[in-house]
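Asker: Questions regarding the structure given below will be posed in turn.
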Amino acid sequence: MKKKIYSALIGIGLVSLTLGIWGGVTMYKNRQATELIIQARNEERQKAEAESQTAAEEEIGIAPGQKEELTADPRDLNLVPILAQDQLTYKGKNYRRNQYVKAILCMGVDRSDTMTETKELGLAGQSDGIFLIAQDTARHTLKILMIPRDTMTEIPITNKERTLHDTKITQLTMAYAYGDGREGSCENMVESVQKLLCGFTIDQYMAVDTTVVAQLNDAVGGVTVTVPTEGMEKKDPAFVKGNQVTLHGKQAEAFVRYRDTDYHFTALYRMDQQQEYITQYFQAVKAASKTDSQIVVHLFDMIQDYMVTDMTKDQYVKIAMDGMEAGSLTSEDFYTVPGVEETTEKYDVYRADRQAAIQIILDLFYRETE
């Protein structure tokens with residue numbers, strides 16, 4: 001009997017020991033698992049903090065001296081002018097300004113008049129179409145950055161006597177209006193676009209009154225376009241979206257300028273019409289050059305009184321010739337300053353994403369170095 005009891009106690013002891021060992025192992029494994037979870041979470045947190053720090057370091061701050069109006073949205077404020085430098089480092093890469101690629105600011109102005117005389121404040125007109133051309137003088141190619149006219153930024157302003165020089169955060173198109181309708185307006189636009197694009201230096205400019213579109217259009221025998229925008233038949237029955245139309249006379253100006261003011265953001269959508277027209281116009285000029293080798297020179301001669309530029313004739317003719325030699329412009333040759341459109345109590349505005357615009361400018365006008 002004692003032997004059986006003794007055997008039972010030994011058995012119970014062995015079972016207890018086994019359970020104890022198993023329980024200890026289980027607890028150890030659970031602890032290991034818990035520690036691994038904690039370690040993983042710590043690593044995730046450290047990685048997130050490192051990424052946040054990197055993002056903070058890459059974030060470009062607001063430009064010193066930027067006028068911060070009470071009504072300004074933070075997105076309307078210009079960034080530190082890092083692109084004013086010919087050499088810079090951005091997101092860990094080194095860049096140098098490509099001296100073969102010229103930056104030409106082109107403006108279509110709704111002045112509806114010759115541009116031979118200066119205008120009083122308020123009568124200078126506004127810049128309806130704003131394009132920054134990247135002219136690669138080595139490869140003879142063009143690329144075009146389209147800048148929405150309603151982009152909010154800081155522009156220079158004066159009073160009627162032109163004695164008060166101040167700045168105001170408003171739509172980019174107004175920078176032309178606050179000038180003299182000639183060089184003063186163009187210089188205002190150049191200054192404003194340079195601020196918008198983080199100090200990027202613009203080489204030269206050209207402003208043309210939009211009333212010459214009909215003349216230029218008919219001088220090449222008309223321009224065939226595909227209507228890209230809904231509702232344009234309100235302006236012309238032929239302007240049905242998807243239709244191919246050969247534009248003649250005032251149809252051309254109507255096509256590039258039309259927007260339905262009953263709807264929001266139509267100034268932004270109108271850029272599709274302008275892109276389509278520019279693309280097809282180069283094709284029409286190229287076709288016309290087969291019978292008139294001096295067609296480009298003749299076109300500029302026609303509009304001398306309707307344009308203002310700081311370029312020589314040879315320089316702006318060369319831009320047009322490069323556009324023809326490049327073959328056909330495609331959608332890949334057009335860029336738009338990134339951003340979002342919004343409606344305020346007064347008007348539609350476009351708030352540019354300047355951080356995203358920096359990379360576009362680097363791609364167009366800089367080259368990566370070691």
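The values are calculated or read from the model by the stated rules, or taken from the named source; none is laboratory data. Treat the numbers as computed from the prediction; the structure is a model and nothing was measured. Using ideal geometry, Cβ is built from the backbone for each residue, glycine included, and neighbour counts are taken over all protein chains shown.
Asker: At positive phi and out of contact with any Phe, Trp or Tyr (no Cβ under 8 Å at 6 or more places or on another chain): does that describe residue 179?
Answerer: No, not satisfied.
Asker: Here's another thing I want to ask about it. Pick from region 180-235 the residues that are hydroxyl-bearing (Ser, Thr, Tyr) and surrounded by fewer than 16 Cβ atoms within 10 Å (Cβ to Cβ): which of them is farthest from residue 298 (Cα to Cα)?
Answerer: My answer is 201.
Asker: Which one of these is surrounded by 14 or more Cβ atoms within 10 Å (Cβ to Cβ), assigned to a helix (DSSP H, G or I) and in the same structural domain as residue 340 (by TED's automatic domain parsing): 254, 238?
Answerer: Criteria check complete, one pass: 254.
Asker: Only one of 211, 246, 201 is assigned to a loop (DSSP other than H, G, I, E, B) and either more than 27 Å from residue 309 (Cα to Cα) or touching a residue at least 60 places away in the same chain (Cβ under 8 Å) (or both); which?
Answerer: Result: 201 is the single residue among 211, 246, 201 that is assigned to a loop (DSSP other than H, G, I, E, B) and either more than 27 Å from residue 309 (Cα to Cα) or touching a residue at least 60 places away in the same chain (Cβ under 8 Å) (or both).
Asker: Inside region 335-370, can you point out the residues that are without any contact (Cβ under 8 Å) to a residue 24 or more places away in the chain and either among the aromatic types (Phe, Trp, Tyr) or on the phi > 0 side of the Ramachandran plot (or both)?
Answerer: none
Asker: Another question about this same structure. When you look at residue 210, is it closer than 28 Å to residue 291 by Cα and either in contact with a Ser or Thr (Cβ under 7 Å, 6 or more places away or on another chain) or not assigned by TED's automatic domain parsing to the domain that holds residue 98 (or both), yes or no?
Answerer: Here the answer is no, as residue 210 does not meet what is asked.
Asker: Under the condition of being farther than 19 Å from residue 108 by Cβ and modelled with pLDDT under 95, which residue from region 186-232 is nearest to the chain's Cα centre (by Cα)?
Answerer: So the residue we want is 230.
Asker: Quick test for you: out of 335, 306, pick the one residue that is in the same structural domain as residue 107 (by TED's automatic domain parsing) and either of a type in the set (D, E, K, R) or within 23 Å of the chain's Cα centre (by Cα) (or both).
Answerer: Answer to the check: 335.
Asker: Out of all the residues in region 156-167, which are surrounded by 15 or more Cβ atoms within 10 Å (Cβ to Cβ) and touching a residue at least 40 places away in the same chain (Cβ under 8 Å)?
Answerer: Result: 167, single match.
Asker: Considering (1) under 19 Å from residue 309 (Cα atoms); (2) of a type in the set (D, E, K, R); (3) in a loop (DSSP other than H, G, I, E, B), say which one residue 187 fails and leave the rest.
Answerer: Going through (1) under 19 Å from residue 309 (Cα atoms); (2) of a type in the set (D, E, K, R); (3) in a loop (DSSP other than H, G, I, E, B) one by one, residue 187 breaks only (3).
Asker: Which one is modelled with the lowest pLDDT among residues in region 334-365 that are surrounded by fewer than 18 Cβ atoms within 10 Å (Cβ to Cβ) and more than 18 Å from residue 151 (Cβ to Cβ)?
Answerer: Among them, the one singled out is 345.
Asker: How about region 277-301: which of its residues are without any contact (Cβ under 8 Å) to a residue 24 or more places away in the chain and either within 27 Å of residue 116 (Cβ to Cβ) or part of a helix (DSSP H, G or I) (or both)?
Answerer: 292, 294, 297, 300, 301
Asker: Could you tell me which residue of region 127-144 is surrounded by the fewest Cβ atoms within 10 Å (Cβ to Cβ), considering only residues that are assigned to a loop (DSSP other than H, G, I, E, B) and not aliphatic (A, V, I, L, M)?
Answerer: By that ranking, first place goes to 139.
Asker: Are any of the residues in region 110-126 at pLDDT below 95, in contact with a Leu (Cβ under 8 Å, 6 or more places away or on another chain), in a loop (DSSP other than H, G, I, E, B) and aliphatic (A, V, I, L, M)?
Answerer: Within region 110-126, not a single residue is at pLDDT below 95, in contact with a Leu (Cβ under 8 Å, 6 or more places away or on another chain), in a loop (DSSP other than H, G, I, E, B) and aliphatic (A, V, I, L, M).
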